[in-house]
Amino acid sequence: MNPLAAIGRFSVRFRYLIVVAWIVGAVAAGAALPTLNSAVKANNQSFLPSNSPSLQAAKLATPFQPLNSVPVPIVASRSGTQLTVADQAAITRIQAAAQSVASVKSVQLVGVSPDGQAIELRVLANLQGGMNADKTLVDALRSAIATQPVPPGLSVHLAGEVAAGVDSQKASNNAGNRTELFSIIFILALLFLVFRSVLAPILTVLPAIIVFSIAGPLIGEAAQAGLQVSLFTQVLLIVLVLGAGTDYGLFLVFRVREEIQGGLEPKEAVVKAVSRVGETISFSAATVIAALLSLLLASFGIYQSLGVPLAIGIALMLVAGLTLLPALLAIFGRAVFWPSRPKVGPHRFGLWGRVAGHAVERPGLTLGIGVVVFGLLATAALGNKPSGFGNQTPPPASDSAQGNAALAAHFPQAAANPTNLVFKYPTSVWVDPAPLTTLQTQLGHASVFKSLATPLDPNGTTLTPTELSALHARLGPAQALPVIAPPALGVPATTYNAYRAASQLVSTDGRTVMINASLTVGDPQTTAALKQTPAMRTAVTQAARASGATDSGVAGIAPASYDISSVSSSDLRTIIPVAVAIIAVLLALVLRSLLAPLYLIASVILSYLAALGLAVIIFIDLAGDSGLIFFLPFLMFIFLLALGEDYNILVMTRIREEAQDLPLRHAITEALGATGTTITSAGLVLAGTFAVLALSAGSGSSGSQLRAIGVGLALGILMDSFLVRTLLVPSVVALLGRWNWWPSPLSRPEHEAALSAEAPATEDVRQ
């Protein structure tokens, strides 16, 4: 008994109950479970393994920033004029208002900028709970600031990673909403052209929409139990579920129409379509799920964060494709294809049947031209330069972007976007500041650092070790001191401000020292800065040894980016062979062949390299970008490997089905005539959803990253569906002949001989 036929009969028999159950499930999931957005983390560094050197350095710096305390700078500034007494009073009010916000542990007065035109506050908050907690804090701080009147000309903004991440997430959410809406509109418009009917496009897409409405809350609930979810998981779930779901819908709806044209009644056509195409859909979903679950082997959390959530979406889509869609098709029957009517009659080859016929007549030439063209494109992939390792850059007009700009304009560069050099000492440097002199001298000779904000030179005003120690003994911890030096202290304002700034670089117990460094190569988010990380770590280790430190580390964007790059490259080498092996096994099972999986996977790899090369040409050579987002090659490989095999499975299972009764080259032409439109339509749908992702991406770094992902995957899928599946793969099948099916019975010479003797004349078939 065919289990898929049984599923088809079950879906037809209980069609109304199945539809109601899915709708109720979608409503219940949305009402009872948390949203996917509540689980998103936007900071790449938070996905690093716990033993990464940059995270170890961050732990060493906990006296300045406890691990559960996230700093949010507040910058108040004037443009071109000194701060006034009224400005300082306003800042004091803002500090008190920020202190009253829930989850805020403290609000520190960092100090006045060297030019006297800005003051920085640093909010330390206890944040646990992903982007929802971040957004709650940032919104509350902005509301608290807005309630305090400020003098004309004084600008107050939030700055730093948390605020930037919230603003980037807002832009990404807008992009996600646009992607979802535009993808649905695009898919429906394309399917109206394909089917030339009213209901077929809607019924094809509807299961994917329902699945997405269930998958998001389910993943959000799983995140409550510890599942990590990244910014890209959220957007890619939309694209993958809508794209793959529509693919599975096309596979089934086209086959139902074909069976009706073959003379079956609609309900019988649905059952037979599920029994035949159900295997294709099941193995297609299995290859995608297998490729996604292989990401669990990754060390980098962003890759892990894609695996399980997207696999949940595809698993739900598989169930819906085998139950909900057949139920809908059974309910509406022939009306699905209205106003067109599937005509009962002999099958015609159509455009793709004729294309396949020409390809198999000269398979060697077709394959040779394809390999040369794809190979030339693939060579361009050698020019790829990874980028985008840093944290999210907010949209230019956002509050956090203005805050970061003010921080960079009025404070030393190292304070605005620092690389933190952290050292641990056995005794307090407040008591014995001699190690600070050695430390400053050693690091000053390191060519990788352009400037250093040290306890002895924190803001451009130099302090001697003796002065620093004496000021600490006289004034005590800086956190208790006012921003402006009281005249009664008798301390010059420049010395007072220097001591306050120095106190931000030495822990209260004096045993941990942090130096804020700016890099010789410039922006720490660049690839050049990333490559300087080993030299930075060497310089810090040598300085630690010379000054008597017991531990040291380098924290910040550049070292985190270096660790991300290292972990990402390692994961690529580990996961790709595993994913290839798993999918090869699945292909061998569905095709009953040991040879076919080899060239099918090779074809996907070829199209992947060609698509990557084309992306390099577009974004680096033509658009002038510094490089492709670092995980784009990884995503392209996993997605094209998994989704490309969907089309492989569809065309190869149909060729195998036709080869039971026809000579192989004749079977290829029949199979491509029947599935060519399905494959190219599915390819257009899937590529279109990724293209919509690129077009609807917002501003900021996340928007540019999403555009690269969307364009890269769209190009790969278009080349795969229009050229590889419909031309190159059939050419290989024709060249190998019966050996395609080795060691199954179809590979035996007697089977081929029997079919050749019984085959009808070609002209009789091509009606």
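For the chain, the solvent-accessible area works out to 38 Å² per residue, with a probe of 1.4 Å and every protein chain left in place. Maximal additional length on extending the Val521-Gln148 stretch stands at 130.2 nm, based on 0.36 nm per residue less the C-alpha distance. Among the protein heavy atoms of the stretch 506-607, carbon and sulfur supply 62% of the accessible surface, probe 1.4 Å, non-protein parts ignored. Amide H contacts of Gly556 (H built 1.01 Å from N, in plane; Pro and chain starts excluded): Asn420 sit under 5 Å, all sequence-distant by 5 or more or on other chains. Per-residue ellipticity at 222 nm computed for the chain from its helices equals -21000 deg cm²/dmol, with DSSP H segments shorter than 4 residues left out and the rest contributing -39,500 (n - 2.57).
For volume of the Cα convex hull per residue in Å³, computed directly from the structure shown, the correct entry in [x] 163; [y] 190; [z] 254 is [x]. Using 1/(1 + (r/R0)^6) with R0 = 22 angstrom and r between the beta carbons of Val85 and Ala493, what's the FRET efficiency to the nearest 0.05? Computed FRET efficiency for Val85 and Ala493: 0.95. Converting phi to 3J(HN,Hα) with the Karplus coefficients 6.51, -1.76 and 1.60 and the offset θ = phi - 60°, the stretch 542-558 yields 5, 5, 5, 5, 5, 9, x, 6, 8, 7, 7, x, 10, 10, x, 5, 4 Hz in sequence order, with x at every glycine or proline.
A cut-off of 5 Å between modelled amide H atoms, ignoring neighbours fewer than 5 places along the same chain, links Ile629 with Ser387.
Here the accessible area of the stretch 134-293 is 62 percent carbon and sulfur, with a 1.4 angstrom probe and all protein chains present.
A straight chain from Asp432 to Ile209 at 0.36 nm per residue would run longer than the Cα-Cα distance by 73.7 nm. Using Cβ point charges alone (K and R +1, D and E -1), the dipole size of the chain about the Cα centre works out to roughly 620 debye.
Would you mind checking the pairs Lys170/Lys450; Lys135/Lys531; Lys385/Lys450; Lys59/Lys531 and listing those with alpha carbons more than 30 angstrom apart? Where the Cα-Cα span goes over 30 Å, the pairs concerned are Lys170/Lys450; Lys135/Lys531.
Once you list every other residue whose beta carbon is under 13 Å from the beta carbon of Gln99, what net charge do they have if Lys and Arg are +1 and Asp and Glu are -1? Charge balance in the 13 Å sphere: +3.
Taking a ≥ b ≥ c as the square roots of the Cα gyration tensor eigenvalues, the stretch 54-119 comes out oblate, since a/c reaches at least 1.5 and a/b does not exceed b/c.
Over all other residues within a Cβ to Cβ distance under 9 Å of Val604, the charged ones net out to -2, with Lys and Arg as +1 and Asp and Glu as -1. Computed 3J(HN,Hα) for the stretch 662-677, one whole-Hz value per residue from the Karplus formula 6.51 cos²θ - 1.76 cosθ + 1.60 where θ = phi - 60°, is 10, x, 4, 5, 5, 5, 4, 5, 4, 5, 5, x, 7, 10, x, 5, glycine and proline marked x. Ala555: net charge of surrounding residues, Cβ under 14 Å, Lys/Arg +1, Asp/Glu -1, itself excluded? Surrounding charge for Ala555 is 0. In this structure, Ala31 and Leu188 have a Cβ-Cβ separation that, at R0 = 35 Å, corresponds to a calculated FRET efficiency of about 0.85.
The values are calculated or read from the model by the stated rules, or taken from the named source; none is laboratory data. Here the structure is a predicted model, which means the values were calculated and not measured. All Cβ positions, even for glycine, are placed from backbone atoms using ideal geometry, and neighbour counts span all protein chains on display. Protein only, heavy atoms only, side chains kept; ligands, DNA and RNA dropped before computing areas. Shrake-Rupley method; radii C 1.70, N 1.55, O 1.52, S 1.80 Å.
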